[in-house]
């Protein structure tokens, strides 16, 4: 293992996507991550196709690689004791079980801190504590709806629609991983562990409002909410034979675009002559762009826009993305042999590190694959690891 978190031990008591993505981020960086599952396993295992039929669906393979799996019945005294034994020797615990449920199991922050005072306990919750929503269950679709993502795209689709990826789960997972890294750095300086609560609702509210609070950023308000380009005109443009995606931001780019198509007079219109005026009249100017783009083929646009230094790409599909020549050239994909699933396509860790390149140590585990290795009755085998708790 060469990752920057080598020697860090993480206990992953999470299901579905937000928590597993957080723990996987740490596993990719070299942390030793142990995924604790019920005897039935994480529901994510059974989503999608599988070669073996043993709970090794594609989303599980991508969200839980680099981890070990222990199956425990946390409602039993033996399972609880085994979990606390694991926690005693861990640096970070990540859970996305509701806070009251963890407390009922006797595995809340105070319970775990009693056996490991320096533990970093990351709670991923739907809604932060102290508010009227605090005890509500949360899923990606519900959080997207709660922060208004479907309504932002409603005018394009003819009705409200969720983003077609688990954006709330994945963004919250990244936020939780960042929180764990910050808490680890704090403990490295001070020796102090802590409890960090990461709310999905608050995480996504911050993300959405950072783009769309607009005039209500100020008090009293200077105008309405919603950044119009993102909400209504930010879309690919149909061409004669396909679709092209292009970005026009600076005055230079707008002038180059309209010069290319022989419409220099457009920017003489006071509605479009400045960045501020174009922002106020976003729909009108993008209607002109759409009409122009529809008159020529995709290849022509890509060639000419590159020539005049306007960013543009061809609209991809999921299948074309998997076959993308750039991803192939940089080695983004690995084909690996999985013990039960045979040959699978895996994605390499993102980013390039000059000294501690992250890389998953193992493929996603079978349910309970490492229980016998890690749990001995109510105890735990404890291989030696470096002391990274406090250097001050």
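The values are calculated or read from the model by the stated rules, or taken from the named source; none is laboratory data. The shown structure was predicted, so the numbers you read here are calculated from the model rather than taken from an experiment. Virtual Cβ from ideal backbone geometry, glycine too; neighbours counted across all protein chains shown.
With the condition kept exactly as written, say whether any residue in the stretch 322-333 is out of contact with any strand residue (DSSP E or B) (no Cβ under 7 Å at 6 or more places or on another chain), touching a residue at least 60 places away in the same chain (Cβ under 8 Å) and not assigned by TED's automatic domain parsing to the domain that holds residue 241. Give the steps one after another, and end with the answer.
Here is the first cut: in the stretch 322-333, the ones out of contact with any strand residue (DSSP E or B) (no Cβ under 7 Å at 6 or more places or on another chain) are 322-326, 328-331.
The next check asks that each one be touching a residue at least 60 places away in the same chain (Cβ under 8 Å); those that pass are none.
Checking the stretch 322-333: not a single residue is out of contact with any strand residue (DSSP E or B) (no Cβ under 7 Å at 6 or more places or on another chain), touching a residue at least 60 places away in the same chain (Cβ under 8 Å) and not assigned by TED's automatic domain parsing to the domain that holds residue 241.
Among the residues of the stretch 56-69, those that are closer than 20 Å to residue 140 by Cβ and in a loop (DSSP other than H, G, I, E, B) comprise 57, 64. Identify the residue in the stretch 70-99 that is assigned to a helix (DSSP H, G or I) and under 28 Å from the mean Cα position of the chain (by Cα) and, among all such residues, is nearest to residue 42 (Cα to Cα). The extreme case among them is 83.
Yes/no per residue for (1) closer than 22 Å to residue 226 by Cα; (2) touching a strand residue (DSSP E or B) at 6+ places or on another chain (Cβ under 9 Å):
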site: 248; (1), (2): yes, no
site: 251; (1), (2): no, no
site: 259; (1), (2): no, no
site: 267; (1), (2): no, no
site: 274; (1), (2): yes, no
site: 282; (1), (2): yes, no
site: 285; (1), (2): yes, no
site: 307; (1), (2): no, no
site: 313; (1), (2): no, yes
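For residue 26, indicate whether it is surrounded by fewer than 20 Cβ atoms within 10 Å (Cβ to Cβ), modelled with pLDDT of 95 or more and not in a loop (DSSP other than H, G, I, E, B).
no
Listed by position, the helices (runs of 4 or more DSSP H) enclosed by the stretch 128-239 that each have at least 2 residues that are over 19 Å from the mean Cα position of the chain (by Cα) and surrounded by fewer than 18 Cβ atoms within 10 Å (Cβ to Cβ) are 154-157, 167-190. Scan the stretch 338-360 residue by residue and report those that are in contact with a helix residue (DSSP H, G or I) (Cβ under 8 Å, 6 or more places away or on another chain) and under 17 Å from residue 5 (Cβ atoms). If the condition is that a residue be in contact with a helix residue (DSSP H, G or I) (Cβ under 8 Å, 6 or more places away or on another chain) and under 17 Å from residue 5 (Cβ atoms), then 349, 358, 359, 360 are the ones that fit. Restricting 53, 48 to those that are out of contact with any helix residue (DSSP H, G or I) (no Cβ under 9 Å at 6 or more places or on another chain), part of a loop (DSSP other than H, G, I, E, B) and either at positive phi or surrounded by fewer than 24 Cβ atoms within 10 Å (Cβ to Cβ) (or both) reduces the list to 53. Screening residue 102 on (1) more than 30 Å from residue 347 (Cβ to Cβ); (2) under 25 Å from the mean Cα position of the chain (by Cα); (3) surrounded by fewer than 19 Cβ atoms within 10 Å (Cβ to Cβ) shows it passes everything except condition (3).
Listed here are the residues, each with its yes/no results for (1) in contact (Cβ under 8 Å) with a residue 60 or more places away in the chain; (2) out of contact with any helix residue (DSSP H, G or I) (no Cβ under 7 Å at 6 or more places or on another chain).
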| site | (1), (2) |
| --- | --- |
| 272 | no, no |
| 284 | no, yes |
| 291 | no, yes |
| 296 | no, yes |
| 302 | no, yes |
| 307 | no, yes |
| 314 | yes, no |
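Summed over the stretch 267-283, residues that are more than 18 Å from residue 247 (Cβ to Cβ) and outside any loop (DSSP other than H, G, I, E, B) total 4. One residue stands out among those in the stretch 341-361 that are exposed (fewer than 15 other Cβ atoms within 10 Å of the Cβ) and in a loop (DSSP other than H, G, I, E, B): the one that is nearest to the chain's Cα centre (by Cα), which is 350. Residue count for the stretch 252-266 satisfying the condition of being touching a helix residue (DSSP H, G or I) at 6+ places or on another chain (Cβ under 7 Å) and part of a helix (DSSP H, G or I): 6. Is it the case that residue 43 is at negative phi, within 19 Å of the chain's Cα centre (by Cα), touching a residue at least 12 places away in the same chain (Cβ under 8 Å) and surrounded by fewer than 20 Cβ atoms within 10 Å (Cβ to Cβ)? Here the answer is yes, as residue 43 does meet what is asked.
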